[in-house]
Amino acid sequence: SLEEDNDGNDLVSRLDTNSFSPRYQKLIAKSRDERRQRHADEKALRDQLLHLEQNNPYWEFAQMICEFRGGLEFRPLRESDSVIENQITVCVRKRPLNDKEIKRREVDVISVPAKNQLVVHEPKQKVDLTKYLENQHFRFDYVFDESCNNDLIYKFTARPLVKTIFEGGMATCFAYGQTGSGKTHTMGGEFKELIQKGSVERTSGQTSANSNSSRSHAVFQIILRKNGSKTIDGKFSLIDLAGNERGADNSKSNRQTRIEGADINKSLLALKECIRALGRKGAHLPFRGSKLTQVLRDSFIGEKSRTCMIALISPGNFSVDHSLNTLRYADRVKELIANDNLDN
Ligand code: ADP
Ligand code: MG
């Protein structure tokens, strides 16, 4: 293949190609034409975008983000990439901008340069009103960009856990994020498919699901038992968590809503601590901290427990604060595990 140097001049063009065989000369010329065409296409697209952006209230930010992306080398996750076998997996999924966000001319402030990296471009303004971006980098086990579909997410998140329950273990998969970020779409939307894949002859299924609204956690459990036996052989829990913005909402809401918000906050904090404790052998499990963690108690104990947290984020600039909160939460779930590994 042809390498290009930083000036965009390909190395081959500086060689004396006349000494090459006609077949190679033809190949080189073809490749050069293709590259020129590609550059022309890219420029046309950029010009078109710029024209659009100039009618956009956030166009300066959009342009800064565009420039930042121009300097990135994108190596997204591919179907063929290998699946990591972690006890605790923490990943992020970014959904595409939706119609409402596009209508509001929101800017996509999330870049996913690699299969485990993400950059949040936080729009900021100095006191003299100069606009600038604060680019915050995060690293997770996987980062799924807006082009990833549920099949791909399943392959890297839930599928590795299905094995665990047939080996007598407890598997838990959480969807965490702001309302509208794609939790239900990722966990339940299509996903029946997962239940079909997971249930075989010797299973007896049990479900307990409450409302899937943003104000409550939805817990769906598949329990494996041998024929006629009372003991549980394996358990798969899928948890569609309440919108995490509810936990922070203590402003203009009424008393009932505030109490709910405080409960949601408590359970999300307890959950984080329980997952962190799972990553440290022999650590105290603070599952009594909330109803949610009490319900999931047996999923946090035992050698064979495995967990996957999928943090969902909306890409638009209106959601940037919520997205950062979600990412910091997910980061702390994993942070301790990474440090532990270093200590060992
Ligand atoms: P949440 O459960 O976090 O409140 P939803 O899963 O209900 O959010 O998603 C909100 C809307 O966005 C739904 O209409 C859903 O179909 C859509 N959506 C979410 N994630 C994606 C995605 N990755 N691709 C396309 N549409 C999505
Ligand atoms: Mg939902």
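What follows is calculated from the coordinates using simple rules that are stated; it is not laboratory data. Predicted, not measured: the structure shown is a model, and the values here were computed from it. Counting neighbours? That spans all protein chains shown, and the Cβs are built from the backbone with ideal geometry, glycine included.
Quick one: Karplus J couplings for the range 158-166, per residue in order, coefficients 6.51, -1.76, 1.60, θ = phi - 60°, nearest Hz, x for Gly and Pro?
Running phi through 6.51 cos²θ - 1.76 cosθ + 1.60 with θ = phi - 60° gives 7, 4, x, 7, 4, 4, 4, 6, 7 Hz.
Which residues' amide hydrogens lie under 5 Å from the amide hydrogen of THR89, considering only partners 5 or more residues apart or on another chain, with H built in the peptide plane?
Correct list: THR307, CYS308, MET309.
Under the rule of at least 5 residues apart or a separate chain, name every residue whose amide H is placed under 5 Å from the amide H of ALA218.
Residues meeting the criterion, in which the H sits 1.01 Å from N, are ASP240, LEU241, ALA242.
To the nearest 0.05, how large is the calculated FRET efficiency for LEU72 and ASP298 if R₀ is 41 Å and r is the Cβ-Cβ distance?
Efficiency at R0 = 41 Å is approximately 0.40.
Among rounded, prolate and oblate, which fits the range 137-194 when a ≥ b ≥ c are the square roots of the eigenvalues of its C-alpha gyration tensor, a/c under 1.5 means rounded, and a/b larger than b/c means prolate?
It is prolate, given that a/c is not under 1.5 and a/b is the larger ratio.
Calculate one ³J(HN,Hα) per residue across the range 308-313 by plugging θ = phi - 60° into the Karplus curve 6.51 cos²θ - 1.76 cosθ + 1.60, and present them in order as whole Hz with x for glycine and proline.
Per-residue couplings from phi come out as 10, 10, 10, 8, 9, 10 Hz.
Set the Förster radius R0 to 51 Å, insert the Cβ-Cβ distance between PHE20 and HIS137 as r into 1/(1 + (r/R0)^6), and round the FRET efficiency to 0.05.
It comes to 0.75.
Among the listed pairs LYS115/LYS155; LYS131/LYS266; LYS163/LYS226; LYS115/LYS334, which are separated by more than 25 Å between their Cα atoms?
Check vs 25 Å cut-off fails for LYS131/LYS266.
Ranked highest first by the average count of other Cβ atoms within 10 Å around their residues, in what order do 322-333, 22-33, 216-227 fall?
322-333, 216-227, 22-33
Using the count of nearby Cβ atoms within 10 Å as a rough guide to exposure, how do PHE20, PHE140 rank from fewest to most?
PHE20, PHE140
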